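Here's the structure, in C-alpha coordinates; my notes come after.
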Amino acid sequence: MNPAWNERSIEDQTLFNPAFCAILLRTACRGYQEGGGDGRAMPLAHCFLVLPIVLNAGMRGALPTLKTRMTTWVTSHPEHASEFADRSRELVGTAREAIQFGCTQDWLTIAGDGLRPGPHRFRPDPPRLATDTDDVRACYEAARFVGRWLPKDDRQSTILSMLGVTP
(Lines give C-alpha, C1' and ligand atoms only; values in the text may rest on other atoms or scores of the structure.)
Protein backbone atom coordinates (compact mmCIF):
# COMPACT_ATOMS: atom_id res chain seq x y z
CA MET A 1 0.00 0.00 0.00
CA ASN A 2 1.35 3.39 -0.94
CA PRO A 3 1.76 6.08 1.74
CA ALA A 4 -0.55 9.08 1.71
CA TRP A 5 0.29 11.50 -1.08
CA ASN A 6 1.42 14.30 1.26
CA GLU A 7 3.76 11.88 3.06
CA ARG A 8 5.73 11.09 -0.12
CA SER A 9 8.94 12.84 -1.04
CA ILE A 10 8.92 15.39 -3.86
CA GLU A 11 10.93 12.95 -5.99
CA ASP A 12 8.38 10.19 -5.41
CA GLN A 13 5.49 12.55 -6.13
CA THR A 14 7.09 13.49 -9.44
CA LEU A 15 8.37 10.12 -10.67
CA PHE A 16 5.52 7.97 -9.38
CA ASN A 17 2.74 10.44 -10.19
CA PRO A 18 -0.35 8.33 -11.06
CA ALA A 19 -1.13 10.47 -14.12
CA PHE A 20 2.40 10.13 -15.52
CA CYS A 21 2.51 6.38 -14.80
CA ALA A 22 -0.98 5.90 -16.32
CA ILE A 23 0.18 7.60 -19.52
CA LEU A 24 3.27 5.38 -19.56
CA LEU A 25 1.03 2.31 -19.26
CA ARG A 26 -1.27 3.65 -21.99
CA THR A 27 1.75 4.20 -24.23
CA ALA A 28 2.95 0.65 -23.54
CA CYS A 29 -0.54 -0.74 -24.32
CA ARG A 30 -0.58 1.13 -27.62
CA GLY A 31 2.89 -0.22 -28.38
CA TYR A 32 1.73 -3.73 -27.50
CA GLN A 33 -1.05 -3.49 -30.07
CA GLU A 34 1.38 -2.13 -32.69
CA GLY A 35 4.07 -4.70 -31.94
CA GLY A 36 2.25 -7.88 -32.66
CA GLY A 37 -0.43 -7.95 -30.04
CA ASP A 38 -2.86 -8.20 -32.98
CA GLY A 39 -5.23 -5.74 -31.34
CA ARG A 40 -5.30 -7.75 -28.13
CA ALA A 41 -5.04 -6.11 -24.73
CA MET A 42 -1.72 -6.21 -22.90
CA PRO A 43 -1.92 -9.00 -20.31
CA LEU A 44 -2.18 -7.57 -16.80
CA ALA A 45 0.97 -9.43 -15.72
CA HIS A 46 2.91 -7.54 -18.40
CA CYS A 47 1.54 -4.22 -17.15
CA PHE A 48 3.43 -4.75 -13.91
CA LEU A 49 6.70 -5.14 -15.86
CA VAL A 50 6.45 -1.80 -17.66
CA LEU A 51 7.07 0.67 -14.83
CA PRO A 52 10.05 -1.15 -13.26
CA ILE A 53 11.77 -1.18 -16.66
CA VAL A 54 10.80 2.29 -17.86
CA LEU A 55 11.30 4.24 -14.62
CA ASN A 56 14.78 2.84 -13.98
CA ALA A 57 17.29 4.93 -15.97
CA GLY A 58 19.92 2.16 -16.03
CA MET A 59 17.54 -0.47 -17.32
CA ARG A 60 15.89 1.96 -19.73
CA GLY A 61 19.29 2.91 -21.16
CA ALA A 62 20.26 -0.72 -21.69
CA LEU A 63 17.20 -1.67 -23.74
CA PRO A 64 18.10 -3.35 -27.04
CA THR A 65 16.45 -3.19 -30.45
CA LEU A 66 13.20 -4.93 -31.29
CA LYS A 67 15.18 -7.70 -33.00
CA THR A 68 16.47 -8.90 -29.63
CA ARG A 69 14.18 -11.27 -27.77
CA MET A 70 13.55 -10.39 -24.15
CA THR A 71 14.83 -13.77 -22.96
CA THR A 72 18.15 -13.16 -24.76
CA TRP A 73 18.43 -9.66 -23.32
CA VAL A 74 17.70 -10.79 -19.75
CA THR A 75 20.34 -13.52 -20.05
CA SER A 76 22.96 -11.04 -21.26
CA HIS A 77 22.10 -8.43 -18.57
CA PRO A 78 22.06 -10.33 -15.27
CA GLU A 79 22.70 -7.09 -13.34
CA HIS A 80 19.23 -5.86 -14.29
CA ALA A 81 17.49 -9.18 -13.79
CA SER A 82 18.93 -9.57 -10.29
CA GLU A 83 17.40 -6.27 -9.11
CA PHE A 84 14.19 -6.55 -11.06
CA ALA A 85 12.10 -8.65 -8.67
CA ASP A 86 12.65 -6.26 -5.76
CA ARG A 87 12.02 -3.18 -7.91
CA SER A 88 8.85 -4.65 -9.38
CA ARG A 89 7.54 -5.54 -5.91
CA GLU A 90 8.16 -1.97 -4.79
CA LEU A 91 6.20 -0.63 -7.77
CA VAL A 92 3.14 -2.90 -7.59
CA GLY A 93 1.19 -0.28 -5.62
CA THR A 94 2.28 2.45 -8.02
CA ALA A 95 1.17 0.38 -11.02
CA ARG A 96 -2.20 -0.36 -9.42
CA GLU A 97 -2.69 3.29 -8.56
CA ALA A 98 -1.79 4.26 -12.16
CA ILE A 99 -4.20 1.70 -13.61
CA GLN A 100 -7.02 2.91 -11.35
CA PHE A 101 -6.33 6.56 -12.16
CA GLY A 102 -6.01 5.83 -15.89
CA CYS A 103 -9.32 3.95 -15.90
CA THR A 104 -11.16 6.77 -14.11
CA GLN A 105 -9.86 9.24 -16.72
CA ASP A 106 -10.72 6.91 -19.66
CA TRP A 107 -7.01 6.76 -20.56
CA LEU A 108 -7.01 3.00 -19.90
CA THR A 109 -9.62 0.27 -20.04
CA ILE A 110 -9.53 -3.12 -18.36
CA ALA A 111 -10.81 -5.73 -20.76
CA GLY A 112 -11.33 -9.43 -20.15
CA ASP A 113 -7.92 -10.18 -21.60
CA GLY A 114 -5.91 -7.36 -20.00
CA LEU A 115 -5.33 -3.61 -20.29
CA ARG A 116 -6.08 -1.48 -23.35
CA PRO A 117 -5.79 2.19 -24.19
CA GLY A 118 -9.02 3.88 -23.16
CA PRO A 119 -11.34 5.94 -25.36
CA HIS A 120 -9.84 9.32 -24.34
CA ARG A 121 -7.88 10.87 -27.20
CA PHE A 122 -4.66 12.78 -26.68
CA ARG A 123 -3.23 14.90 -29.47
CA PRO A 124 -0.39 13.90 -29.67
CA ASP A 125 -0.49 10.58 -27.85
CA PRO A 126 1.35 10.52 -25.47
CA PRO A 127 0.89 14.21 -24.70
CA ARG A 128 3.94 16.42 -25.00
CA LEU A 129 4.41 19.40 -22.75
CA ALA A 130 6.86 22.26 -23.07
CA THR A 131 8.11 21.32 -19.59
CA ASP A 132 8.93 17.71 -20.53
CA THR A 133 12.53 16.84 -19.74
CA ASP A 134 14.75 14.48 -21.71
CA ASP A 135 14.02 11.84 -19.04
CA VAL A 136 10.25 12.19 -19.53
CA ARG A 137 10.62 11.81 -23.29
CA ALA A 138 12.93 8.82 -22.78
CA CYS A 139 10.32 7.21 -20.50
CA TYR A 140 7.63 7.62 -23.18
CA GLU A 141 9.90 6.12 -25.85
CA ALA A 142 10.87 3.24 -23.56
CA ALA A 143 7.22 2.54 -22.66
CA ARG A 144 6.27 2.29 -26.33
CA PHE A 145 9.32 0.10 -26.98
CA VAL A 146 8.55 -2.25 -24.07
CA GLY A 147 4.95 -2.52 -25.24
CA ARG A 148 6.11 -3.44 -28.74
CA TRP A 149 8.80 -5.78 -27.39
CA LEU A 150 6.64 -7.88 -25.05
CA PRO A 151 4.54 -9.68 -27.71
CA LYS A 152 7.73 -10.80 -29.47
CA ASP A 153 8.35 -13.45 -26.80
CA ASP A 154 6.03 -16.39 -26.93
CA ARG A 155 5.71 -17.41 -23.28
CA GLN A 156 4.65 -14.97 -20.60
CA SER A 157 5.65 -17.44 -17.90
CA THR A 158 9.21 -17.63 -19.26
CA ILE A 159 9.63 -13.85 -19.18
CA LEU A 160 8.26 -13.61 -15.65
CA SER A 161 10.40 -16.42 -14.29
CA MET A 162 13.59 -15.06 -15.90
CA LEU A 163 12.90 -11.70 -14.26
CA GLY A 164 12.20 -13.40 -10.92
CA VAL A 165 8.56 -12.36 -10.61
CA THR A 166 5.28 -14.22 -10.48
CA PRO A 167 1.80 -12.90 -11.26
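Checking the structure you have, find out if any residue of segment 51-66 is farther than 16 Å from Arg144 by Cβ and in contact with a Ser or Thr (Cβ under 9 Å, 6 or more places away or on another chain). Quick ask: steps written out before the conclusion?
In the first step, residues of segment 51-66 are kept if they are farther than 16 Å from Arg144 by Cβ; the result is 52, 56-58, 62.
If we keep only those that are in contact with a Ser or Thr (Cβ under 9 Å, 6 or more places away or on another chain) too, we end up with 52.
For segment 51-66, residues farther than 16 Å from Arg144 by Cβ and in contact with a Ser or Thr (Cβ under 9 Å, 6 or more places away or on another chain): present.
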Next on the checklist: Among the residues of segment 133-141, are any closer than 14 Å to Asn56 by Cα and of a type in the set (Ser, Thr, Tyr)?
Outcome noted: yes
Next on the checklist: Would you confirm whether or not segment 49-56 contains a residue that is in a loop (DSSP other than H, G, I, E, B) and over 16 Å from the mean Cα position of the chain (by Cα)?
Outcome noted: no
Checklist entry - For segment 74-109, which residues satisfy the criterion of being touching a strand residue (DSSP E or B) at 6+ places or on another chain (Cβ under 8 Å) and outside any helix (DSSP H, G or I)? => result Trp107, Leu108, Thr109
Checklist entry - (1) surrounded by 16 or more Cβ atoms within 10 Å (Cβ to Cβ); (2) farther than 23 Å from Phe122 by Cβ: which one isn't true of Thr94, the others all being true? => result (2)
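Out of Leu49, Leu44, Leu63, Leu24, I need the residue that is touching a residue at least 24 places away in the same chain (Cβ under 8 Å) and surrounded by fewer than 18 Cβ atoms within 10 Å (Cβ to Cβ). Which one?
Leu44
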Item to check | Verdict on Gly58 being surrounded by fewer than 16 Cβ atoms within 10 Å (Cβ to Cβ) and farther than 21 Å from Arg155 by Cα | outcome: yes
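Condition check ((1) in contact (Cβ under 8 Å) with a residue 40 or more places away in the chain; (2) in contact with a Phe, Trp or Tyr (Cβ under 8 Å, 6 or more places away or on another chain); (3) in a helix (DSSP H, G or I)) across all residues:
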{"site": "Thr131", "(1), (2), (3)": "no, no, no"}
{"site": "Val146", "(1), (2), (3)": "yes, no, yes"}
{"site": "Trp149", "(1), (2), (3)": "yes, no, yes"}
{"site": "Val165", "(1), (2), (3)": "yes, yes, no"}
Checklist entry - Just a yes or no: is a residue in segment 31-41 among the polar types (S, T, N, Q), assigned to a helix (DSSP H, G or I), loosely packed, with under 13 Cβ neighbours inside 10 Å and at negative phi? => result no
Item to check | Matching option when the condition is among the small types (Gly, Ala, Ser), more than 30 Å from Thr75 (Cβ to Cβ) and surrounded by 14 or more Cβ atoms within 10 Å (Cβ to Cβ), among Gly118, Gly147, Gly112 | outcome: Gly118
Item to check | Yes/no for Thr166 being touching a helix residue (DSSP H, G or I) at 6+ places or on another chain (Cβ under 7 Å) and surrounded by fewer than 12 Cβ atoms within 10 Å (Cβ to Cβ) | outcome: yes
Item to check | Flag for Asp134 being loosely packed, with under 12 Cβ neighbours inside 10 Å and at pLDDT 80 or above | outcome: yes
Next on the checklist: I'd like to check something: does segment 115-126 contain any residue that is closer than 19 Å to Ala45 by Cβ, within 15 Å of the chain's Cα centre (by Cα) and in a helix (DSSP H, G or I)?
Outcome noted: no
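The values are calculated or read from the model by the stated rules, or taken from the named source; none is laboratory data. All values reported here derive from a predicted model rather than from experimental measurement. Here the Cβ is made from the backbone with ideal geometry for all residues, glycine too, and neighbour counts use every protein chain on show.
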